[in-house]
Amino acid sequence: VDSSESELGILDLIQVLVETLDRCFENVCELDLIFHMDKVHYILQEIVMGGMVVETNQTEILTHIEAQQQIEKKEAGMGGAPARALSAAKSMAPNVNLPKLADLQNISLPSFKKL
C-alpha cells in the first residue's frame, strides 16, 4: 500500500477476496489455496485486473466463477470427442466409408529397434 491508495479500500479488497474464497471453497484453508491455485488466480483476476480493482460485488464474482466451472465441466466431458467427431463426419459425408470406432482402438503402432 502506498500513499496514493486508501487503506480502507485495501482492507475492503482483502475482505471481499477472503469472503469470496470462503464461499467458493466452503471454509477455505491453506491447502485449498495450494491445491487449487488456478481457481484462486481466477477469483483474484475477477476482482483485480491490471492493478485496478474492477469488481467487489460478491454475487457478480460468484456468478462468473460458476459460469467458469460449468465450462470446465463441459470440457471435462471431452473424452467422448472422438466418437462425436466420427458421427459428425458421417453425417457430413454419408456416402464415405469411415472405419468403425472399435477398429480404430485396435491399431498397433510399428515397433522400432532399440539402438
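With 0.36 nm allotted per residue and the present C-alpha distance subtracted, the Leu33-Ile71 stretch has 11.6 nm of extension available. Electrostatic bookkeeping for Leu33 treats Lys and Arg as +1 and Asp and Glu as -1; over the other residues with beta carbon under 13 Å from its beta carbon, the sum is -3.
For the range 14-71, the fraction of C-alpha pairs more than 14 angstrom apart is 52%.
Stretching the chain fully between Glu19 and Thr56 yields a gain of 12.2 nm (0.36 nm per residue, less the alpha carbon separation). For the peptides 42-48, 65-71, residues were scored by their other Cβ atoms within 10 Å and the scores averaged per peptide; the highest-first order is 42-48, 65-71.
Computed from the coordinates by the stated procedures, all read-outs in this text should not be read as laboratory data. Source: prediction; values computed, not measured. Every residue, glycine among them, receives a Cβ derived from its backbone with ideal geometry; neighbour counts consider all protein chains shown.
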